[in-house]
1. Test ARG193 against the stated conditions and say whether it is at pLDDT 85 or above, surrounded by 14 or more Cβ atoms within 10 Å (Cβ to Cβ) and within 29 Å of PHE24 (Cα to Cα).
2. Going by the structure shown, is ALA189 under 27 Å from ASP106 (Cα atoms) and part of a helix (DSSP H, G or I)?
3. Where residues in the stretch 106-126 are surrounded by 16 or more Cβ atoms within 10 Å (Cβ to Cβ) and touching a Ser or Thr at 6+ places or on another chain (Cβ under 6 Å), which of them is modelled with the highest pLDDT?
4. Quick check on this structure: which one of GLU134, GLU155 is surrounded by 12 or more Cβ atoms within 10 Å (Cβ to Cβ), assigned to a helix (DSSP H, G or I) and modelled with pLDDT under 80?
5. I'd like the full set of residues that are assigned to a helix (DSSP H, G or I) and over 16 Å from ARG105 (Cβ atoms), limited to the stretch 37-61.
Amino acid sequence: MARLTNDPKGDDGELVARLLGAVFSPEDRDWIDLGIFLAHAVGGDELDRVMPDDGRDPVPGTMGAVMRKTAEVVSRDEYSRRVASRILSLVRSGVREDFLVRALRDELTATLQHMAQTEGGSLRRETDAASMQETANDPGAIASFRRSLAKRDPEAAKLNDEEIAKGLQEAAAYIGKPVSNEQEQEMWARSTRWNERAQAVSDRVIAIWHDRKMAHLLESARLPWEP
């Protein structure tokens, strides 16, 4: 697996590019989960309406399968481009690049570690499954859920009560299933792989970028006759 071994130069957008390179590595299927987690962390209407395509159909009963009925499905490269555009827009709005990248790196790390802790995860999945089942059995809750989906994708407003209820029931059945030993091992392996990739935006890398970025700013502010 290729690693970034060169130190950053302090250029604008450099840390964002490193983060995106770690998240969207094409070497395995991790990118699709990492990309969705990252998109959820940064938010934005432009990301709420798209789903990444890894060439496979989503597992029946997952929320991904429900959302895919109305979302725009795009390639890995296009999804990466849109996520990058959203992050850079936050930087241009005034959020410091090093602060944002560190926060997103830590959010992904915490998410993967939390998912790998299957004891707590099992309780969370059982609670989520029960909540989905309750929603599927309540016409008022279905209507509220439809409105929530429609905020991200107007096409979701066309789904009728039966379609939404079926999707919620399938999702509840799927996430309520206990995690197998094989799945548990894979979740820990995925967390470990991410920890390795995240070294592309380690605290050391971010500190070097920040120092060089400040040096560039001081250099550009220096008057012509100053040494």
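The values are calculated or read from the model by the stated rules, or taken from the named source; none is laboratory data. Everything numeric here is computed off the predicted structure, so don't read it as measured data. We place every Cβ from the backbone using ideal geometry, glycine too, and count neighbours over all the protein chains shown.
1. Spelling it out, ARG193 is indeed at pLDDT 85 or above, surrounded by 14 or more Cβ atoms within 10 Å (Cβ to Cβ) and within 29 Å of PHE24 (Cα to Cα).
2. Spelling it out, ALA189 is indeed under 27 Å from ASP106 (Cα atoms) and part of a helix (DSSP H, G or I).
3. LEU112
4. Details: GLU134 fails: modelled with pLDDT under 80.
On inspection, the qualifying residue turns out to be GLU155.
5. Passing the criteria: ASP45, GLU46, LEU47, ASP48.
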